[in-house]
Each structure stands twice: as structure tokens, then as C-alpha cells.
Amino acid sequence: MAKQKPSYKEIPAAAVAWKPATDYKTGDWRSKRPIRDTEKCTRCLICWVFCPDGAIHWDGEDLTFDLDYCKGCGICAQECPVECIKMETEE
Ligand code: SF4
Ligand code: SF4
């Protein structure tokens, strides 16, 4: 008889970064960093939702980029509806 496969309820969630991996600073990988135009930013939080590394922090009033964990993927810049994030090459 074939072995019963586990239900999805028994399989742990994967591929979701609930919080930055604090022991492994992915910022070391970065070749470009996000620079935000704070005048143009509408605080819509789309970038915060899309950042795969949990590297954008919202304090209730404004955003900050945590460069210890931002790996420079550029997704935030790609998804920003008002195009106020530019990716700048690291020195
Ligand atoms: S997606 Fe763009 S406009 Fe929205 S909060 Fe982020 S930087 Fe600001
Ligand atoms: S560049 Fe990538 S890792 Fe860095 S803040 Fe934007 S989405 Fe997050």
C-alpha cells in the first residue's frame, strides 16, 4: 500500500522571511543600495510589503532601510508606484 502523503497542515511554512535572519547579515551581498526621495514618497508601504528580507522598517510615521539586511535586490524600487526609490551603486 502506498504511503499516505502528509496534509498541507502538517508541512511547515517555507519560503517566507517572517523576520531578518539576525545571525546572517545579507547586507554584505549588496552592490547597490536603495535611496528614497522622502519628498516624493507617499508612505503607501508597498515597498515594505514587497521587501523579501524584512529590511524596510515602518515606525508608524516613516520608513527606514536596514542596510545590515538589505541585499540590494531592487524589488522595492521596482514596485514603488511613484518611482521614488533609486538604486545607487555602492562605493
Ligand atoms: S513604495 Fe514608494 S511611495 Fe510607497 S512607501 Fe515605499 S518608497 Fe514610499
Ligand atoms: S533593495 Fe531589496 S532587500 Fe533592499 S530594501 Fe529594497 S526590496 Fe528590501
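Derivation of every value follows stated rules applied to the coordinates shown; laboratory data play no part. Just so it is clear, the structure is predicted and the values come from calculations on it, not from any experiment. For neighbour counting, all protein chains shown are included, and Cβ atoms are generated from backbone atoms with ideal geometry for every residue, glycine included.
Under unit Cβ charges (Lys, Arg +1; Asp, Glu -1), what dipole magnitude, rounded to 20 debye, does the chain have relative to its Cα centre? Before the final figure, lay out the partial values.
Working: 13 positive and 16 negative charges, 130 e Å.
Dipole size: approximately 620 debye.
Using θ = phi - 60° and the Karplus form 6.51 cos²θ - 1.76 cosθ + 1.60, what ³J(HN,Hα) does each residue of the range 23-40 get, whole Hz, x for Gly and Pro?
Values, residue by residue: 8, 9, 7, 5, x, 4, 7, 5, 10, 9, 10, x, 10, 9, 7, 5, 6, 7 Hz.
Once the dipole of the chain is set up with Lys and Arg at +1 and Asp and Glu at -1 on Cβ about the Cα centre, which of Pro81, Gln4, Gly27 lies farthest towards its positive end?
My answer, from the dipole projection, is Gln4.
Taking H placed 1.01 Å from N in the peptide plane, check which residues at least 5 places from Leu63 or on another chain put their amide H under 5 Å from its amide H.
none
Expressed as a whole percent, how much of the Cα-Cα distance distribution for the range 25-89 exceeds 20 Å? Present the calculation step by step, with values, prior to reporting the outcome.
On the way: 328 of 2080 pairs.
In whole percent, the share of Cα-Cα pairs in the range 25-89 beyond 20 Å is 16.
Grab the DSSP H runs of the chain that are 4 residues or longer, score each as -39,500 (n - 2.57), total them, divide by all residues and round the 222 nm result to the nearest 500 deg cm²/dmol.
On the way: 2 runs with 10 residues, N = 91.
Taken over the chain, the calculation gives -2000 deg cm²/dmol.
Provide, for the range 25-89, the number of lysine pairs with alpha carbons under 17 Å apart, each pair being eight or more places apart or on different chains. Write out the running numbers ahead of the final one.
On the way: Lys25/Lys71; Lys32/Lys71; Lys32/Lys86; Lys40/Lys86; Lys71/Lys86.
Lysine pairs meeting the criterion: 5.
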